[in-house]
Amino acid sequence: MYALEAKGIKKSFGGVKALVNGELLCPQGKVCGLLGANGSGKTTLSRIITGFHSMDEGVLKIYGQSISFKTPADSQKAGIAMIHQNLSLIPELKVWENITLGREPRGNGGFLATEDAKAVAKEHLARLYPELDIHKKVYELAPWEKQIIEIAKALAQKPKLLILDEPTAALENSQVERLFKLLFDLKSQGVSMIFISHRMTEVMELCDFLVILRNGETVGTVDFSTDGKDEKKIVSLITGTELQKSQKQRRDISDNEIFLEVQGMTVGRKIMDVSFKVRKGEIIGFGGLQGHGQEELLLALAGYFPLSNGRILLQGKSKRFKHPVDAIHQGIMLVPGDRHKEGLFLTHSILANFNYPKFSLKKTKWLVPFQQLQAETSQSVQALSIKTHDLDTEVKNLSGGNQQKVVLGKWLALKPQVLLLSDPAKGVDVGAKKELYDVVLKLADEGTLVILYASDSEELISYCDRVLIMYEGRIVEEFRDGDIMEERIIASSIRVKI
Ligand SMILES: Nc1ncnc2c1ncn2[C@@H]1O[C@H](COP(=O)(O)OP(=O)(O)OP(=O)(O)O)[C@@H](O)[C@H]1O
Ligand SMILES: [Mg+2]
């Protein structure tokens, strides 16, 4: 018995063909990995299954019954829940209100049973993040905390079919572990799942089989029990070509000038007496468990937080940033982790988003010929292989990974002296991730100093010259070159000696 059958699904948005032939069969109690490059149609297919979009053509069956959901509420009634890539939370509401939204327990006389609702919220956060204060408003939280609430909200529906659209993109190892334990339990209870992720190790661990989309079309299925787990084959199905593994180039930067120096930086209780020096062209990574000060460190360097103590020196001169703009004027640019909150004007075009920083910083003369602007932007769009049919497309209509590339692209175009990257490849597909980091490596070769925080330690390992591990706001260990290894980074993050 199939929990879900989707056949010949087609969907266009205006002239954009998001799905041309989506097909996915998921047996009950199995986990289907839905893979594909950015913009290949994964989110669109999921949103059709859950009634957020209507399909143009095709057949959908749930437990053998043909269905066509008109609204998300219809799919909820049929036992389907979805963890959304762009999160479906209401920032002004509290954590518990968000988790129970639309399914609030009612008491006598139909009044909201507040205490019951809070208990439901607590129950569903218990295994993922029991420490979270459910009375906090969602806008106060970090991206990874929001992601956990989004997960709890879907679980609170007690679904029979759960669709997870990149639930781990904003999470780090220990949280992913907690989530996976929970998902394995759900699976053993017979819950079927569709799991979307660009992280291959997770897909290999959790899924029973894979369905691969390319350009809106299902191009293959890989059943682990009969076909094995051939990563090369999977990647070539995703990309349509053989992907060369990114080779870390050993660049000698030991003679380069020390451009940035941080001395005894302390920020509230988040960063404690942190010191380090970075040379031009160097790529240093900050590792460790999420929430141990890495993101605050980037924000402080970018002028978002005042230092309680310590100094930031550029080329030996002490600098004070009262405001992020002060840092930008010194050539320090931050690519933020939360693209919706800090990075993009969603209802504006790609062209506009790319060029706002240039204009607002008056990096460019007032009247730039429009054609030149278009040509430059289109070059960047190609360099990062942003999937769009024109530059006038509103950014909100791009797929998640392609939005992230716009955030990165607009800052890269300014050729910063110091580039601060906060989880830049979050939700970016395997092929595009390599292209994105190739652009970063090229900037580093030209002398840009890069400071990277990545929730996926593989990115630190592949691209950094040095990795500093943070624990409770302090730098506790440093790894270089050949010592930058997964086991060492993880052990150091949890303060275990190996
Ligand atoms: N509302 C919309 N209007 C116009 N185009 C859209 C809309 N939603 C999606 N698209 C387009 O449909 C295509 C498929 O997008 P989708 O979001 O399904 O990709 P995805 O596989 O989820 O990618 P990612 O891995 O980046 O999340 C993309 O080209 C996207 O730009
Ligand atoms: Mg998507």
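The values are calculated or read from the model by the stated rules, or taken from the named source; none is laboratory data. Note that the coordinates shown come from a computational prediction; the quantities given were computed from them, not determined experimentally. With ideal geometry, Cβ positions are generated from the backbone for all residues, glycine too; neighbour counts draw on all protein chains shown.
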Checklist entry - Would you call Pro130 of a type outside the set (S, T, N, Q), surrounded by fewer than 23 Cβ atoms within 10 Å (Cβ to Cβ) and touching a strand residue (DSSP E or B) at 6+ places or on another chain (Cβ under 6 Å)? => result no
Checklist entry - What number of residues within segment 173-193 are modelled with pLDDT of 90 or more and either of a type in the set (Ser, Thr, Tyr) or touching a Leu at 6+ places or on another chain (Cβ under 8 Å) (or both)? => result 11
Checklist entry - Only one residue in Leu25, Leu45 is out of contact with any Phe, Trp or Tyr (no Cβ under 7 Å at 6 or more places or on another chain), touching a residue at least 12 places away in the same chain (Cβ under 8 Å) and not small (Gly, Ala, Ser). Which one? => result Leu45
Checklist entry - So Val31 clears everything in (1) of a type in the set (Val, Ile, Thr); (2) over 23 Å from the mean Cα position of the chain (by Cα); (3) away from ligand 1 (no atom under 12 Å from the Cβ) except one condition, right? Which one? => result (2)
Next on the checklist: For segment 264-309, which positions are closer than 19 Å to Leu419 by Cα and among the polar types (S, T, N, Q)?
Outcome noted: Ser275, Gln294
Checklist entry - Could you say which residue among Phe305, Phe321 is surrounded by fewer than 21 Cβ atoms within 10 Å (Cβ to Cβ), free of Cβ contacts under 8 Å to residues at least 40 places away in the same chain and not assigned by TED's automatic domain parsing to the domain that holds Ala142? => result Phe305
Checklist entry - Has segment 390-405 got any residue that is away from ligand 1 (no atom under 14 Å from the Cβ) and among the hydrophobic types (A, V, I, L, M, F, W, C)? => result no
Checklist outcome for this item: Here the residues within segment 412-436 that are at pLDDT 85 or above, surrounded by fewer than 23 Cβ atoms within 10 Å (Cβ to Cβ) and either in a helix (DSSP H, G or I) or hydrophobic (A, V, I, L, M, F, W, C) (or both) are Val418
Checklist entry - Consider Arg199 against the criteria (1) closer than 22 Å to Met485 by Cβ; (2) not assigned by TED's automatic domain parsing to the domain that holds Asn173: it satisfies all of them except one. Which criterion is unmet? => result (2)
Next on the checklist: Here is a list: Leu398, Leu460, Leu468, Leu436. Which entry is within 23 Å of Trp144 (Cα to Cα), within 16 Å of ligand 2 (Cβ to nearest atom), hydrophobic (A, V, I, L, M, F, W, C) and out of contact with any helix residue (DSSP H, G or I) (no Cβ under 6 Å at 6 or more places or on another chain)?
Outcome noted: Leu398
Item to check | Search result, residues across segment 394-410 that are buried (at least 21 other Cβ atoms within 10 Å of the Cβ) and of a type outside the set (Lys, Arg) | outcome: Val395, Leu398, Ser399, Gly400, Gly401, Asn402, Gln403, Gln404, Val406, Val407, Leu408, Gly409
Next on the checklist: Looking at the structure I just gave you, is Asn38 at pLDDT 95 or above and more than 19 Å from Met193 (Cα to Cα)?
Outcome noted: no
Next on the checklist: If I ask for residues that are part of a loop (DSSP other than H, G, I, E, B) and modelled with pLDDT of 90 or more, which ones from segment 79-105 would you list?
Outcome noted: Gly79, His84, Leu89, Ile90, Pro91, Glu92, Leu93
Checklist outcome for this item: Reported set for segment 29-59 where residues are outside any strand (DSSP E or B) and either of a type in the set (Asp, Glu) or not assigned by TED's automatic domain parsing to the domain that holds Asn86 (or both) is Asp56
Next on the checklist: What's the total number of residues in segment 446-498 that are assigned to a helix (DSSP H, G or I) and touching a Pro at 6+ places or on another chain (Cβ under 9 Å)?
Outcome noted: 1
Checklist outcome for this item: Checked Gln65, Gln76, Gln157 against criteria (polar (S, T, N, Q), more than 16 Å from ligand 1 (Cβ to nearest atom), modelled with pLDDT of 90 or more and touching a strand residue (DSSP E or B) at 6+ places or on another chain (Cβ under 6 Å)); the one match is Gln157
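Being away from ligand 1 (no atom under 16 Å from the Cβ), surrounded by 14 or more Cβ atoms within 10 Å (Cβ to Cβ) and in contact (Cβ under 8 Å) with a residue 24 or more places away in the chain is true for just one of Ile90, Ile99. Which residue is that?
Ile99
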Next on the checklist: Taking the conditions exactly as written (β-branched (Val, Ile, Thr), touching a Phe, Trp or Tyr at 6+ places or on another chain (Cβ under 7 Å) and either surrounded by 23 or more Cβ atoms within 10 Å (Cβ to Cβ) or in contact (Cβ under 8 Å) with a residue 12 or more places away in the chain (or both)), does Val31 satisfy them or not?
Outcome noted: yes
